[in-house]
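Here's the structure we're looking at; comments come further down.
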There are 6 protein chains.
Amino acid sequence: MSKIQEFRDYRSKMNEKLLNTNHKVIKRLYGIDTLTYQDSALDSKTKEMLGLVASMVLRCDDCVKYHLETCYKLGVTTEEILDIFGVANVVGGTIVIPHTRRALEYWQELSAEE
Amino acid sequence: MSKIQEFRDYRSKMNEKLLNTNHKVIKRLYGIDTLTYQDSALDSKTKEMLGLVASMVLRCDDCVKYHLETCYKLGVTTEEILDIFGVANVVGGTIVIPHTRRALEYWQELSAEE
Amino acid sequence: MSKIQEFRDYRSKMNEKLLNTNHKVIKRLYGIDTLTYQDSALDSKTKEMLGLVASMVLRCDDCVKYHLETCYKLGVTTEEILDIFGVANVVGGTIVIPHTRRALEYWQELSAEE
Amino acid sequence: MSKIQEFRDYRSKMNEKLLNTNHKVIKRLYGIDTLTYQDSALDSKTKEMLGLVASMVLRCDDCVKYHLETCYKLGVTTEEILDIFGVANVVGGTIVIPHTRRALEYWQELSAEE
Amino acid sequence: MSKIQEFRDYRSKMNEKLLNTNHKVIKRLYGIDTLTYQDSALDSKTKEMLGLVASMVLRCDDCVKYHLETCYKLGVTTEEILDIFGVANVVGGTIVIPHTRRALEYWQELSAEE
Amino acid sequence: MSKIQEFRDYRSKMNEKLLNTNHKVIKRLYGIDTLTYQDSALDSKTKEMLGLVASMVLRCDDCVKYHLETCYKLGVTTEEILDIFGVANVVGGTIVIPHTRRALEYWQELSAEE
């Protein structure tokens, strides 16, 4: 199974378990999370790029993968992704580099998937 | 003296002192910092919004102020700024709220300056 | 004006401004924030202690102040507060010490207020 | 070998190696770590819950696993654990979600172990 | 009163209050903190430089000030301090710059004090 | 394949891919990264120790591995490494312990390699 599929499966399996707990705070947070990236003053694509750069500087690999997927679906180009990597690495420093290596690998797998 | 002017003065005074040290690494980092936000695949405005959201989740008030200024100059609207605040608070959690309070205050001072 | 009053005034003034923006994500996040600390499986007092220790290790002075206030109102004792400081400093390291100094000062002002 | 056993084995093997170095600072820090979670003004169970929420917002998976184990032994219920997850996710934001997925999985494995 | 004196006074006043609580964990942590920077395999000067760079990347201004003072007393030169600033800024990114501005200012005040 | 070799291979493969993108910001950041650790006022060995402690408190395992390798090549002794671990754990707290376990394991593999 590819890295992409493995990530997606685990993520959706555990998200389902978390939501099945019916914990009010957790459910509402998931609701807000969805709302956050919908078109409003900024369009969805820009917001996903914001989510990606925020995830990178906070060095959350799974969050990075998720936003890479949504960015990919929304048509963000490789050149634009590299610009986002650039901002993340300059703002967050060289500790972001290992996450950037994994992000680039994941992005290239997404591109190869089709 | 206004909060805006105070921030600008201290920032430029100390940046000058840092660059006057002629330390190679620090000088080059300042150079990269400038390059990072210039038009490339993404335009300068989008990149400044990325810089703003990254600064917010990393909770760096001075970085937030700086990017608010550049966003303001580049015509980012208040509605767009609030969307950026939204992403930052959802990704980074309620610990970002105190920084959002200060960011909104600074943004309103920038808007009132003219 | 006391440090306590200054903090409360600024906090409520800017919270009002943030909520007056009517930004959906921000409003909902404030709603969740309130819900989070209400009695459920854990009582409100325990949850406020959790909020305090989380704020300390994340080194958010304003969040610390807020949770110190709610802990104080809910009857957390000084000995219990010190235990929370202990956990925060051991988990988060000596970089938490400066925040602990300010937290102790604020706690003592709260105690002296009556 | 189960994930639980694997974690426990690696942790105790490497803790032993670290303590065998006889480095004074490291040994003393381990001593403090033990002391921190013992009954005092707050009981051990509350302190372990504090340790858990602190570990979650700091996004340290191994620390989370450890505190989940001690919480489990001390009789923290699943409903209480979910409340702790709630505080951690609201304070720390959606970047805590991936760690919450892994934490829930580990908690369910602990529950299934008996 | 100079910034240096203000920092020293507040720090020692509040440290005394914290130690006067006689909280075992906090007292022991202060003890370890002292031990950490004493001569051992690495000499005190090198360890203080390590403490400084760690404080900078964790962006703890008060910790930075403290280690700048000890570095100053132990004869670290301005050129060496700038090298430490360089490592901190490259590893930790441009969010370290505002802390570097304040650190340079404090260092120059220390140098001017005599 | 050993853990050391696996880390080195992945790191150099992905660094090459990142540099092959010819993204100006990323390339320049890599250039600065190299410059940062070269002999200047502080020698390369001291700077690598600074890089190690910074990586540890920021809890970046891959960065830690990299600096352990360079420290090893530059003749840092095990006693000195333990002193660095000590500073990192005291400044950064017990959340650094899991990273210290992995760091010690990696260091011992480096020592066994020859």
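The values are calculated or read from the model by the stated rules, or taken from the named source; none is laboratory data. Being a predicted model, the structure only gives us computed values, none of them experimental. Neighbour counts are summed over all protein chains in view; Cβ atoms, including those assigned to glycine, are modelled from backbone coordinates with ideal geometry.
Quick notes on this structure:
- For D:Val96: the one exception among (1) among the hydrophobic types (A, V, I, L, M, F, W, C); (2) assigned to a loop (DSSP other than H, G, I, E, B); (3) in contact (Cβ under 8 Å) with a residue 40 or more places away in the chain: (2)
- Total residues in segment A:38-49 satisfying the condition of being closer than 26 Å to A:Ile97 by Cα, in contact with a His (Cβ under 9 Å, 6 or more places away or on another chain) and not charged (D, E, K, R): the figure is 1.
- When residues of segment B:20-30 are limited to those that are surrounded by 13 or more Cβ atoms within 10 Å (Cβ to Cβ) and more than 7 Å from every other protein chain (Cβ to nearest Cβ), the one nearest to the chain's Cα centre (by Cα): B:Tyr30
- Close pairs from segment B:11-34: first of a type in the set (Phe, Trp, Tyr), partner at pLDDT 95 or above, Cβ under 9 Å, at least 6 apart: B:Tyr30/B:Asn15; B:Tyr30/B:Leu18; B:Tyr30/B:Leu19; B:Tyr30/E:Thr94; B:Tyr30/E:Ile97
- Output for segment C:31-67, where each listed residue is basic (Lys, Arg) and either facing chain D (nearest Cβ under 7 Å) or more than 13 Å from the chain's Cα centre (by Cα) (or both): C:Lys47
- Consider segment B:68-109 and keep the residues that are within 14 Å of chain D (Cβ to nearest Cβ) and β-branched (Val, Ile, Thr). The one that is surrounded by the fewest Cβ atoms within 10 Å (Cβ to Cβ) is B:Ile95.
Let's see how each residue does on (1) on the phi > 0 side of the Ramachandran plot; (2) touching a Cys at 6+ places or on another chain (Cβ under 8 Å); (3) among the hydrophobic types (A, V, I, L, M, F, W, C):
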position: B:Met49; (1), (2), (3): no, yes, yes
position: B:Ser55; (1), (2), (3): no, yes, no
position: B:Lys65; (1), (2), (3): no, no, no
position: B:Leu68; (1), (2), (3): no, no, yes
position: B:Ala88; (1), (2), (3): no, no, yes
position: B:Ile95; (1), (2), (3): no, yes, yes
position: B:Arg102; (1), (2), (3): no, no, no
position: B:Glu109; (1), (2), (3): no, no, no
